[in-house]
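S.K.: My structure is below; once you've seen it, I'll send some questions.
The values are calculated or read from the model by the stated rules, or taken from the named source; none is laboratory data. Keep in mind it's a predicted model, so treat the numbers as computed, not measured. Neighbour counts are summed over all protein chains in view; Cβ atoms, including those assigned to glycine, are modelled from backbone coordinates with ideal geometry.
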Amino acid sequence: MSQTQPTVEQKPLANPPSAPAPAAAGKTPPNKRVLVVVGLIAIAALAAGGRMWYRSHNFVDTENAYVAGHVHPVSARIAGVVTRVLVEDNQHVKAGDVIAELDPADQHVRVEQIEAQIASAKQQVIQADAQVEQVRAQAQAAQAQVGQSQALALRARQDAERFGQLYTKQMKAVSKAEVDAANAARTAAAADVNARRDTASAAKAQINAASSARDVLKAQIKVLQAQLKDAKQQVSYGRILAPVDGRIGRRSVEVGARVQPGQQLVAVVEDKVWVNANFKETQLAGLKPGQAVELQIDALPDEHLVGRVDSFSPASGNQFALLPADNATGNFTKIVQRVPVKITLAPADVQRLTGRLVPGMSVVAEIDLRQKAESKPAGPAQTASAQPAAQPAK
């Protein structure tokens with residue numbers, strides 16, 4: 001017997017499940033805030049790049065710059081013991097002011113010794129003058145004796161000739177002894193004349209010798225006078241003076257110290273300063289003397305200084321180095337060299353900042369290449385050459 005299974009009638013649901021939403025046709029739109037940030041970054045990058053391009057084409061600058069000035073080392077010129085020091089550190093001095101004094105006792109003794117030597121030499125000159133006069137008188141007497149001897153010799157010669165005429169073969173008015181005596185007297189008189197002449201020559205030689213000795217003494221006096229002048233200068237060197245106007249720095253002298261010639265005691269730094277800016281050689285094309293330079297002193301950030309390009313160094317810094325690089329080697333590497341450029345400051349700024357603007361300070365220098373260098377007034381020669389030549393007359 002078949003069994004019938006009951007059938008369950010399925011009723012439709014009142015709320016059928018909804019079908020899944022179709023996928024979005026496109027991407028999610030970007031956030032507006034992100035777009036703004038990206039835009040601002042792009043604008044900033046363009047502005048920075050434009051500014052860099054603008055400044056690289058119109059300005060040159062360097063941080064390798066320093067304030068420079070004249071520093072005068074003051075040293076002792078003679079050896080001595082310091083008795084007084086009249087300056088302090090950082091004190092302002094004028095040219096000629098006394099910085100220190102040395103004990104002058106040794107120099108005074110040397111001056112007195114040389115003066116005594118000069119006085120002695122002068123007395124010797126007086127004695128030499130008297131000796132010259134005495135020898136000259138003796139020479140005159142010897143010359144007079146020569147004349148007297150010549151007269152006696154003439155008489156003896158005449159007597160001998162006269163006796164010779166009286167004693168001949170035909171006539172013997174005088175004896176042979178008288179003739180021989182007259183001849184002997186003539187010979188003796190001639191010899192006496194020669195002796196007197198030799199005596200007169202010796203007297204003249206003595207005059208020359210005495211005059212030469214006197215001249216030697218006078219030359220010695222001149223030498224002593226030069227030594228006296230030097231000794232007096234040595235006395236003046238005991239006062240060590242400031243060579244220029246400026247301020248005292250690096251004082252290393254104290255009372256009681258013994259100093260030697262050439263030993264540095266202090267340094268005097270002049271108030272006049274300038275700036276040495278070491279520009280790269282690739283930056284020099286647009287630089288010319290007379291251009292204005294904006295200067296920023298690291299130690300004076302609130303001061304705005306304007307200088308002028310004065311001149312360029314005759315060589316790069318490497319050429320003045322103690323050991324310049326030898327580029328004629330196999331391991332050559334090109335390095336951009338730097339050339340020092342001297343920049344002068346306005347005198348009013350230098351005077352206003354005296355004591356605050358000192359050599360060695362770091363500086364940032366910037367030059368606008370668009371400016372024109374100030375032309376210096378032409379000299380007479382340039383003015384004459386600039387005038388057109390006159391036209392030749394036709």
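S.K.: State all residues of region 243-264 that are of a type in the set (Asp, Glu) and in the same structural domain as Val82 (by the TED database); if no residue qualifies, say none.
M.R.: Within region 243-264, Glu254 is the sole residue that qualifies.
Every residue, every condition in (1) basic (Lys, Arg); (2) over 30 Å from Lys94 (Cβ atoms), yes or no:
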{"residue": "Val273", "(1), (2)": "no, no"}
{"residue": "Gln319", "(1), (2)": "no, yes"}
{"residue": "Thr329", "(1), (2)": "no, yes"}
{"residue": "Thr333", "(1), (2)": "no, yes"}
{"residue": "Arg338", "(1), (2)": "yes, yes"}
{"residue": "Thr344", "(1), (2)": "no, no"}
{"residue": "Ala348", "(1), (2)": "no, no"}
{"residue": "Leu353", "(1), (2)": "no, no"}
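S.K.: How many residues, within region 308-339, are of a type in the set (S, T, N, Q) and loosely packed, with under 10 Cβ neighbours inside 10 Å?
M.R.: 3
S.K.: In this structure, is Gln107 at pLDDT 75 or above, polar (S, T, N, Q), crowded, with 17+ Cβ neighbours inside 10 Å and in a helix (DSSP H, G or I)?
M.R.: It is true that Gln107 is at pLDDT 75 or above, polar (S, T, N, Q), crowded, with 17+ Cβ neighbours inside 10 Å and in a helix (DSSP H, G or I).
S.K.: Is it the case that region 345-353 has a residue that's at pLDDT below 85 and either acidic (Asp, Glu) or touching a His at 6+ places or on another chain (Cβ under 8 Å) (or both)?
M.R.: No, that holds for no residue.
S.K.: Take the residues in region 252-267 that are under 12 Å from Val82 (Cβ atoms) and of a type outside the set (A, V, I, L, M, F, W, C), then tell me which one is surrounded by the fewest Cβ atoms within 10 Å (Cβ to Cβ).
M.R.: Filtering region 252-267 for residues that are under 12 Å from Val82 (Cβ atoms) and of a type outside the set (A, V, I, L, M, F, W, C), the one surrounded by the fewest Cβ atoms within 10 Å (Cβ to Cβ) comes out as Gly256.
S.K.: Hey, among the residues in region 210-238 that are in contact (Cβ under 8 Å) with a residue 24 or more places away in the chain, closer than 20 Å to Gln127 by Cα and hydrophobic (A, V, I, L, M, F, W, C), which one's surrounded by the fewest Cβ atoms within 10 Å (Cβ to Cβ)?
M.R.: Filtering region 210-238 for residues that are in contact (Cβ under 8 Å) with a residue 24 or more places away in the chain, closer than 20 Å to Gln127 by Cα and hydrophobic (A, V, I, L, M, F, W, C), the one surrounded by the fewest Cβ atoms within 10 Å (Cβ to Cβ) comes out as Ala213.
S.K.: Quick one: what pairs do we get from region 287-307, first residue at positive phi and in a strand (DSSP E or B), second at pLDDT below 90 and surrounded by 13 or more Cβ atoms within 10 Å (Cβ to Cβ), C-beta under 6 Å, 6+ apart or different chains?
M.R.: none
S.K.: I would also like to ask the following. Test of understanding: among Leu300, Leu305, which residue is touching a helix residue (DSSP H, G or I) at 6+ places or on another chain (Cβ under 9 Å), in the same structural domain as Ala79 (by the TED database) and more than 30 Å from Val132 (Cα to Cα)?
M.R.: When all the criteria are applied, what remains is Leu305.
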